[in-house]
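Below is one structure, written out as structure tokens, with a few remarks after it.
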Amino acid sequence: MKYPIRTPEDLGLIIRAVRKNARVRRDDLAASLKLSQQFAFDAERGKPTIQLGRVLRILNELGIALSVEVPDDVAGTLHTIKVRAQEKARKSTEPEVPAG
């Protein structure tokens, strides 16, 4: 089921509903992800300043897929940015070859 997310509170409601439906206690969820119980509480309440990376870990743990819809004309730009980021990441992990 798709559910529109327009606010942090919308996402928090989804997290809480899925967790409760799975019969997972909030403290158990937090412990399994090595997060504080306060963080799990804040995520479910839609705290607007919460760390996105940690929220994404919660979503993944609960089996919640997150996606966005972008205008069709953005696809080319998105692809270019992704390729450049991958090239930059690859270059940063390649060992430097000494000159000479």
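Summary table
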{"read-out": "Residue in the range 7-15 that is of a type outside the set (Val, Ile, Thr) and touching a Lys or Arg at 6+ places or on another chain (Cβ under 7 Å) present", "value": "yes"}
{"read-out": "Check on Ile64, among the aliphatic types (A, V, I, L, M), assigned to a helix (DSSP H, G or I) and within 19 Å of Gly12 (Cβ to Cβ)", "value": "no"}
{"read-out": "Scan of the range 13-25 for residues that are part of a helix (DSSP H, G or I) and within 12 Å of Ile64 (Cβ to Cβ), ordered by number", "value": "Leu13, Ile14, Ile15, Arg16, Ala17, Val18, Arg19, Asn21"}
{"read-out": "The range 30-61, residues that are in contact (Cβ under 8 Å) with a residue 12 or more places away in the chain, within 16 Å of the chain's Cα centre (by Cα) and part of a helix (DSSP H, G or I)", "value": "Phe39, Ala40, Ala43, Glu44, Arg54, Val55, Arg57, Ile58, Leu59, Glu61"}
{"read-out": "One residue from Lys47, Lys34 being charged (D, E, K, R) and loosely packed, with under 15 Cβ neighbours inside 10 Å", "value": "Lys34"}
{"read-out": "Close pairs from the range 65-80: first modelled with pLDDT of 90 or more, partner part of a helix (DSSP H, G or I), Cβ under 8 Å, at least 6 apart", "value": "Ala65/Leu59; Leu66/Leu56; Leu66/Leu59"}
{"read-out": "Qualifying position, being surrounded by 10 or more Cβ atoms within 10 Å (Cβ to Cβ), of a type outside the set (A, V, I, L, M, F, W, C) and either more than 21 Å from the chain's Cα centre (by Cα) or more than 29 Å from Met1 (Cα to Cα) (or both), among Thr93, Thr77", "value": "Thr77"}
{"read-out": "Gly63 small (Gly, Ala, Ser), out of contact with any helix residue (DSSP H, G or I) (no Cβ under 8 Å at 6 or more places or on another chain) and surrounded by fewer than 16 Cβ atoms within 10 Å (Cβ to Cβ)", "value": "no"}
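The values are calculated or read from the model by the stated rules, or taken from the named source; none is laboratory data. Quick caveat: nothing in here was measured; it's all calculated off a predicted structure. Because the Cβ atoms are built from the backbone with ideal geometry, glycine has one as well, and the counts that use them run over all protein chains shown.
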